[in-house]
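Notes follow the structure.
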Amino acid sequence: MAFECQKGIESLRICSIEPSKNRDSLTLESEKRKPLHKLDAKGGIVNSKCEDLITGNEVLPGCRSITELPPVLISEIFNLLEPKELGIVSCACTLLYQIASEHHVWKEFYCERWGQPILQPPFGAGYSDEKSWKELFAEREFRCKTFMGRYTIDMLYGHTEDVRAVFVLASKKLVFTSSYDQIVRMWDLEEGLSIASSESLGCTIRAVVADSRLLVAGGTGGFIHGWKANDENPHLFDLRAPQNEDMEFQVWEHGGPITCLALDFNRMYSGSWDMSIRVWDRSSLECLKVLIHSDWVWNLAPHDTTVASTAGSDLYVWDTNSGSKLAIINNAHAGYTYSLARSHTGKLLFTGGEDGAIHMFEIFENAMYHVRRVATWIPHLSAVYSLAFEFPWLVSASSDGKLSLIDVRKLLRTNRNSALNNSSKAVNLVDNVEPPQRMLHGFGSNLFAVYVGSNRIVCAGEEGLVRIWNFSQALEIEQRVQALRGLRLENRMRRRNRQLETNDKGRRGNQCSFTEKKNQIDGHRNSWNNRRKLVWKVKA
């Protein structure tokens, strides 16, 4: 088994971990590379520009296995491995298992994929019942399988017209929806019950977004209506109370309907059909930047100091500090590019358009900001109105009344330390993609909004209903189904064996009866012959 560890352009290759009589020893073989790191006698890294061979004795004098390296050096090597590779290496011996299990890189793995956990445990040496980052990562990775399992569906009734926006605040187990009926509703994610609803805002609400401090909604009136969180309220926001200047606000600056909203820690973003995106300061509610597009803005996705947006049929990436345009993809779709989603790291962009296609783009930051398309799916027959991404699942909602579930792990690079920022090394994977892993049906009309969170998929559309696809019990259900299937198979085998035994006994009984009849016939023949012989003897 070979493990290749790279860091930037220079690399150190550790290979051929061969089993021996003592499984705790891992052999280091030499490997010829171009620019590489050499290790001196003290374990220091020495850069070399020439091509040569590095043998195990040159790494550390007298070092014959990786377990003889200093733990600090082993830890640095583990920094360059993928989660799967790190798990495999930890199975080699007790020492590597201990180092790998307590390695800080598990926190990086988790945060890169899903961000900070909703409930952060106290990671300290004094706690005995805490969960390590490795355990949290393993649990979350295991939960990724749930979307391929069985589910239950909850239907939420309350809106009287088409539902245009859905947002899930997983940390508080809340769902927010908005509709053509000009009302914002709040639902309990676990119970599926309506908690509160706002009064009519006077226009169609096309966008709604929230976090633990703020809830904002925007619509065709061109204003942003916001509610501030109240810590005394168990559901954070009081939508039913009359307007309170301390807890509610409205912002008017857009010249057209607001189509999309987003929040981060310090800023608020809004996109409109007035062909602009406005960046707001959350505390002062002042507009900091205005990003002008060439067409109607349909969606946006911020990350750090950049924001991606779709306008018309194009895809944009902007720098929010300077207001400059970093990249643009013209005609990303045939028709309007309605939907947009972004990974937690900000490196992956997903777009859905009027043509029913879904594109995956990767952002490369080198001397120039570069965006390249790496995958394409066409799971729908009509427009894709909404996308939601939670690693590794991309979920799309379309006007054909279907949801598609796409696992993007097969498209991502297996080596997280490869030169991601070097666009010349990017591989175009468009011709190597697979179809969606799952399609969810059962909708007879347009789906306008979808969101993924907490083992659930929430979607809504033209019917005015909000559906929650609950996968929280998928693994338990699958385990019960497998157990019942095993019992049925065992009972079937028992019945089959019993039938075979019965048939064997029947055949044996038939053979015995046939033998008895044959013996009787033979006995009658022998007695007749004996009597005949006796008669002839008497006559003689």
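The values are calculated or read from the model by the stated rules, or taken from the named source; none is laboratory data. Predicted model, so just to flag it, every value in this text is computed and none were measured. Positions of Cβ are backbone-derived with ideal geometry, glycine not excepted, and every protein chain shown enters the neighbour counts. We work out accessible area using only protein heavy atoms, side chains counted, and drop any ligands, DNA or RNA first. Shrake-Rupley method; radii C 1.70, N 1.55, O 1.52, S 1.80 Å.
Annotations for the structure displayed:
- Condition met for Ser294 (polar (S, T, N, Q) and either outside any strand (DSSP E or B) or open to solvent by 30 Å² or more (accessible area, probe 1.4 Å) (or both)): yes
- Verdict on Ala301 being buried (at least 21 other Cβ atoms within 10 Å of the Cβ), in a strand (DSSP E or B) and in contact with a helix residue (DSSP H, G or I) (Cβ under 6 Å, 6 or more places away or on another chain): no
- Consider the stretch 402-412 and keep the residues that are more than 21 Å from Thr337 (Cα to Cα) and buried (at least 16 other Cβ atoms within 10 Å of the Cβ). The one that is modelled with the highest pLDDT is Asp407.
- Number of residues in the stretch 180-226 that are assigned to a loop (DSSP other than H, G, I, E, B), over 32 Å from the mean Cα position of the chain (by Cα) and not hydroxyl-bearing (Ser, Thr, Tyr) equals 8.
Conditions tested, residue by residue: (1) surrounded by fewer than 17 Cβ atoms within 10 Å (Cβ to Cβ); (2) more than 30 Å from Gln482 (Cβ to Cβ).
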site	(1), (2)
Thr146	no, no
Thr152	yes, no
Glu161	yes, yes
Ala165	no, yes
Leu174	no, yes
Glu199	yes, yes
Cys203	no, yes
Ala207	no, yes
Ala210	no, yes
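- Among the residues making up the stretch 231-261, those that are within 20 Å of Ser283 (Cβ to Cβ), open to solvent by less than 60 Å² (accessible area, probe 1.4 Å) and within 32 Å of the chain's Cα centre (by Cα) are Leu236, Phe237, Leu261.
- Qualifying residue in the stretch 366-379 (condition: hydrophobic (A, V, I, L, M, F, W, C) and either touching a Gly at 6+ places or on another chain (Cβ under 7 Å) or closer than 20 Å to Ser272 by Cα (or both)): yes
- Residue pairs whose Cβ atoms lie under 6 Å apart, separated by 6 or more positions or on different chains, with the first residue in the stretch 391-414 and touching a residue at least 12 places away in the same chain (Cβ under 8 Å) and within 19 Å of Gly346 (Cβ to Cβ) and the second of a type in the set (Val, Ile, Thr) and part of a loop (DSSP other than H, G, I, E, B), are Pro392/Val408; Leu394/Val408.
- When Thr337 is tested against (1) part of a strand (DSSP E or B); (2) open to solvent by less than 10 Å² (accessible area, probe 1.4 Å), only condition (1) is not met.
- Scanning the stretch 342-370 for residues that are part of a strand (DSSP E or B), open to solvent by 10 Å² or more (accessible area, probe 1.4 Å) and either touching a Lys or Arg at 6+ places or on another chain (Cβ under 9 Å) or over 25 Å from Phe471 (Cβ atoms) (or both) gives Leu348, His359, Glu362, Glu365, Tyr369, His370.
- Candidate set from the stretch 76-90 (those that are outside any helix (DSSP H, G or I) and among the hydrophobic types (A, V, I, L, M, F, W, C)); member that is most open to solvent (accessible area, probe 1.4 Å): Leu80
- Residues of the stretch 277-291 satisfying the condition of being buried (at least 20 other Cβ atoms within 10 Å of the Cβ) and not aliphatic (A, V, I, L, M): Arg278, Trp280
- Selection from the stretch 227-236 of residues that are part of a loop (DSSP other than H, G, I, E, B) and under 18 Å from Leu261 (Cα atoms): Ala229
- Matching residues in the stretch 389-401 - criterion: being under 17 Å from the mean Cα position of the chain (by Cα) and buried (at least 24 other Cβ atoms within 10 Å of the Cβ): Leu394, Val395, Ser396, Ala397
- Subset of the stretch 212-222 (residues that are of a type in the set (A, V, I, L, M, F, W, C) and crowded, with 20+ Cβ neighbours inside 10 Å): Leu215, Val216, Ala217
- Residues in the stretch 176-189 that are in contact with a His (Cβ under 9 Å, 6 or more places away or on another chain), open to solvent by 10 Å² or more (accessible area, probe 1.4 Å) and of a type outside the set (Asp, Glu): Tyr180, Ile183, Arg185.
- Residue in the stretch 85-94 that is in contact with a strand residue (DSSP E or B) (Cβ under 8 Å, 6 or more places away or on another chain) and acidic (Asp, Glu) present: yes
- Residue ID - modelled with the lowest pLDDT, chosen from residues in the stretch 54-75 that are more than 17 Å from Ala92 (Cα to Cα), among the β-branched types (Val, Ile, Thr) and open to solvent by 30 Å² or more (accessible area, probe 1.4 Å): Thr55
- Count of residues meeting criterion [part of a strand (DSSP E or B), touching an Asp or Glu at 6+ places or on another chain (Cβ under 9 Å) and open to solvent by 30 Å² or more (accessible area, probe 1.4 Å)] in the stretch 371-388: 2
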